[in-house]
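Peer 1: Submitted below is the structure of interest, expressed as structure tokens.
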Amino acid sequence: MKNKTLNLVATLTAGLGLAASAQAADAPKSDWTSELIAPVANPILFESPTIGSEVRPLFLYHRLNDNFATQGGDVEVYALQFRLKLTEKLALIATKDGWIDFNPDKALSHESGFADIAAGLKYQLVNDEQNKFLVTPGFTYTFPLGGKKVFQGSHNGAGQFDFFVSAEKSVSEVQVMGNLGVILPLDTDQDTSQLHYSLQIAYPVCQWFKPFVVLNGYTILSEGNGPAFGSEGYDVINFGTSNAGGETQIALGGGFRSSLSESVDVGIAYEKGVDHTAGIFDDRITVDLVWKF
């Protein structure tokens with residue numbers, strides 16, 4: 001009887017071991033890209049090269065330069081971004097929507113209204129896990145559905161495409177992420193065409209503190225027939241400025257992300273305009289929360 005009991009225990013133990021081994025073999029491999037630090041600054045245009053599903057509420061507070069046409073003021077944006085993984089390489093992205101509160105000090109009146117809606121696709125061409133390297137091109141189209149009083153909607157343009165490519169390269173624990181894109185409006189009289197470029201260098205210290213430095217730049221390629229502001233609204237507003245061809249605005253900043261759980265993290269970024277004294281960029285604070293599913 002004793003031998004039968006020992007044999008039964010041995011059989012059950014072996015069976016459990018085989019089941020555990022089979023379960024481990026069938027378990028999905030961890031995705032190295034899930035550890036990458038997503039951009040916080042320039043959230044509408046600085047798209048990550050990773051593919052995943054997430055919901056991202058965000059708040060943006062932007063102070064206007066005193067040398068801009070409005071002689072100062074601020075813009076607040078409340079938005080909710082969506083990204084949906086369609087396949088291992090393809091994702092649907094919705095990068096712009098929400099509510100704009102426009103508060104210039106002079107020249108223009110205080111207004112608020114809905115933002116235009118931008119959505120599109122991105123496709124991951126390169127995912128080299130061994131060399132920790134990603135390349136993902138994509139595009140968005142901005143549907144002119146927002147409020148006229150905050151320079152959105154069909155009264156302020158016929159919509160615009162943003163064609164971009166994003167990339168990431170990790171060297172040891174340092175993560176270098178970049179994005180290059182061109183904004184092409186359908187109506188070049190009402191909107192300007194622009195080049196935009198971003199670079200983020202991040203180093204995850206721990207779960208709670210993942211700091212980064214960031215550069216965001218914008219160059220106006222062609223002018224519209226709009227107001228002579230001498231600068232553009234870049235990611236949020238396309239004024240169609242008539243006297244800003246070739247103008248470049250650079251913003252430098254930094255911030256950090258903090259992972260509250262495997263699926264939720266928060267981020268904060270601060271940026272300061274550094275090169276164009278008459279540009280729209282004084283400084284900006286961006287706060288977001290990312291829920292991955």
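Peer 1: Among (1) surrounded by fewer than 18 Cβ atoms within 10 Å (Cβ to Cβ); (2) free of Cβ contacts under 8 Å to residues at least 40 places away in the same chain, there is one condition Ser258 misses while meeting the rest; what is its number?
Peer 2: So Ser258 meets the others, but not (2).
Peer 1: Filter region 96-133 down to the residues that are more than 28 Å from Phe281 (Cα to Cα), over 16 Å from the mean Cα position of the chain (by Cα) and not polar (S, T, N, Q) and list them by number.
Peer 2: Scanning region 96-133 gives Leu125, Val126, Asp128, Glu129, Lys132, Phe133.
Peer 1: Then there's this: Determine if region 35-52 includes at least one residue that is at pLDDT below 95, more than 12 Å from the chain's Cα centre (by Cα) and over 22 Å from Asp235 (Cβ atoms).
Peer 2: yes
Peer 1: Would you please name the residue that is surrounded by the most Cβ atoms within 10 Å (Cβ to Cβ), looking only at residues in region 47-66 that are touching a Gly at 6+ places or on another chain (Cβ under 8 Å) and in a loop (DSSP other than H, G, I, E, B)?
Peer 2: The extreme case among them is Glu47.
Peer 1: Taking Ser30 as the residue in question, decide whether it is at pLDDT below 95, assigned to a loop (DSSP other than H, G, I, E, B), surrounded by fewer than 19 Cβ atoms within 10 Å (Cβ to Cβ) and among the hydroxyl-bearing types (Ser, Thr, Tyr).
Peer 2: Considered against the rule, which asks whether it is at pLDDT below 95, assigned to a loop (DSSP other than H, G, I, E, B), surrounded by fewer than 19 Cβ atoms within 10 Å (Cβ to Cβ) and among the hydroxyl-bearing types (Ser, Thr, Tyr), Ser30 comes out as yes.
Each row is one residue, and each column tells you yes or no for (1) buried (at least 18 other Cβ atoms within 10 Å of the Cβ); (2) of a type in the set (A, V, I, L, M).
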site	(1), (2)
Phe133	no, no
Val171	no, yes
His196	yes, no
Cys206	no, no
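Peer 1: Still on this structure, please answer the following. What number of residues within region 168-188 are more than 13 Å from the chain's Cα centre (by Cα), assigned to a strand (DSSP E or B) and among the aliphatic types (A, V, I, L, M)? If you could, list the steps in order and put the result at the bottom.
Peer 2: Narrowing region 168-188 to residues more than 13 Å from the chain's Cα centre (by Cα): 168-176, 182-188.
This time we only want the ones that are assigned to a strand (DSSP E or B), so: 168-171, 174-176, 182-185.
Filter again for among the aliphatic types (A, V, I, L, M), leaving 171, 174, 176, 182-184.
Counting residues in region 168-188 that are more than 13 Å from the chain's Cα centre (by Cα), assigned to a strand (DSSP E or B) and among the aliphatic types (A, V, I, L, M) gives 6.
Peer 1: Continuing with the same structure: Filter region 67-80 down to the residues that are surrounded by fewer than 21 Cβ atoms within 10 Å (Cβ to Cβ) and either of a type in the set (Phe, Trp, Tyr) or closer than 20 Å to Asn179 by Cα (or both) and list them by number.
Peer 2: Tyr78 - this is the single residue of region 67-80 that is surrounded by fewer than 21 Cβ atoms within 10 Å (Cβ to Cβ) and either of a type in the set (Phe, Trp, Tyr) or closer than 20 Å to Asn179 by Cα (or both).
Peer 1: If you don't mind, there's one more thing I want to ask. Could you list all residues from region 140-149 that are buried (at least 19 other Cβ atoms within 10 Å of the Cβ) and either assigned to a strand (DSSP E or B) or among the basic types (Lys, Arg) (or both)?
Peer 2: Across region 140-149, the qualifying residues are Thr140, Thr142.
Peer 1: Checking Thr142 against (1) of a type in the set (Ser, Thr, Tyr); (2) modelled with pLDDT under 95; (3) under 21 Å from Lys122 (Cβ atoms): exactly one of these is not met. Which one?
Peer 2: Every condition holds for Thr142 apart from (2).
Peer 1: Related question: From the set of residues in region 67-95 that are aliphatic (A, V, I, L, M) and in a loop (DSSP other than H, G, I, E, B), which is farthest from the chain's Cα centre (by Cα)?
Peer 2: Within region 67-95, the first condition is being aliphatic (A, V, I, L, M), and the residues that meet it are 69, 75, 77, 79-80, 84, 86, 90-94.
Add one more test, that the residue is in a loop (DSSP other than H, G, I, E, B), and what stays is 69, 86.
On the way: Ala69: 28, Leu86: 19 Å.
Checked region 67-95; the qualifying residue farthest from the chain's Cα centre (by Cα) is Ala69.
Peer 1: Checking Val213 against (1) of a type in the set (A, V, I, L, M, F, W, C); (2) in contact with a Phe, Trp or Tyr (Cβ under 6 Å, 6 or more places away or on another chain); (3) part of a strand (DSSP E or B), which single condition isn't satisfied?
Peer 2: Looking at each condition in turn, Val213 falls short on (2).
Peer 1: Is there a residue being touching a residue at least 24 places away in the same chain (Cβ under 8 Å), of a type in the set (A, V, I, L, M) and loosely packed, with under 15 Cβ neighbours inside 10 Å anywhere in region 99-108?
Peer 2: The answer is yes; a qualifying residue exists.
Peer 1: Oh, and also: If the requirement is being charged (D, E, K, R) and either assigned to a helix (DSSP H, G or I) or over 30 Å from Phe212 (Cα atoms) (or both), which of these qualifies: Asp162, Asp191?
Peer 2: From the options Asp162, Asp191, the qualifying one is Asp191.
The values are calculated or read from the model by the stated rules, or taken from the named source; none is laboratory data. Treat the numbers as computed from the prediction; the structure is a model and nothing was measured. With ideal geometry, Cβ positions are generated from the backbone for all residues, glycine too; neighbour counts draw on all protein chains shown.
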